[in-house]
Amino acid sequence: MIPHHRLTILRNRHRARELREFRGLVEDYFARLERDADGVPMDWDGAQVARSQINQRLARIIQVVRAAGLEGRHAAHLVTDPGPVLGRVEVLQRIFTAHHVEGLEQEVYDVVDMAIGVYDSERAEALLRTFNPLHYVSVAFAFIMRGPRRLLGALGVGRSRRGSLGASELARLETAAERLSRVEDLIDDRFAQLQDRQAARQSDQSRQLAELAERLDFAERVLAQGRAPERLAAPAAKKGVATPV
């Protein structure tokens, strides 16, 4: 799945909406499991319906949360207290046992809320990326660079033909595939840097245009409220000056 920092605005908003809808389903499921005075769930049938909908979306939501960078090496900076580690994606797989473990329900909410925050914070960047031609160039270039790897995969290199290749040939192929992946990552990083520079330049140009528009508007208002220029008085006639006849 495409990482959160490479999405356009439509995909960004779609994933945020999916997370919010999923959170609503989880809240509904937990609310229907609340027990009455007799220890019986409030709405067992409704809880089963909500559980079915959660199961249908859970695999997709886990991918969306992982694409938000809440798992792996990118999640280390998300720890905000010395307590339980935040952003654990695996808690989503324990939704249906959360009511048996104290604090696990809130941890499920925390993970979903953090993912929503990641996509919401990327809204402006996603909008700039949508209208940035370099973004589509980098996507096309990355697709082309993945061609050799897909070709090797289609030929079965590294999977079914692993036993029929020699050790030296297999090592060379794996080295070549590793180099291709490194080159692809390097190209993606360079394109990301170019996109950031262009976004900063566009932001600066937008700020300058906004300032120019404000100045023009101020000048127009000053001119509209200005008074008509006063005429100079005619010079007074000097006395005792004889005029030729």
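The values are calculated or read from the model by the stated rules, or taken from the named source; none is laboratory data. Keep in mind that what you see is a predicted model, and the values were worked out from it rather than measured. Cβ: placed from backbone, ideal geometry, glycine included. Neighbour counts: every protein chain shown.
Just a few scattered comments:
- Identity of the residue in segment 102-127, in a helix (DSSP H, G or I) and free of Cβ contacts under 8 Å to residues at least 12 places away in the same chain, that ends up farthest from the chain's Cα centre (by Cα): 106
- Residue in segment 106-121 that is over 25 Å from residue 28 (Cα atoms) and modelled with pLDDT of 90 or more present: yes
- Once segment 30-64 is narrowed to residues that are in contact with an Asp or Glu (Cβ under 9 Å, 6 or more places away or on another chain) and of a type in the set (Lys, Arg), the residue that is surrounded by the fewest Cβ atoms within 10 Å (Cβ to Cβ) is 60.
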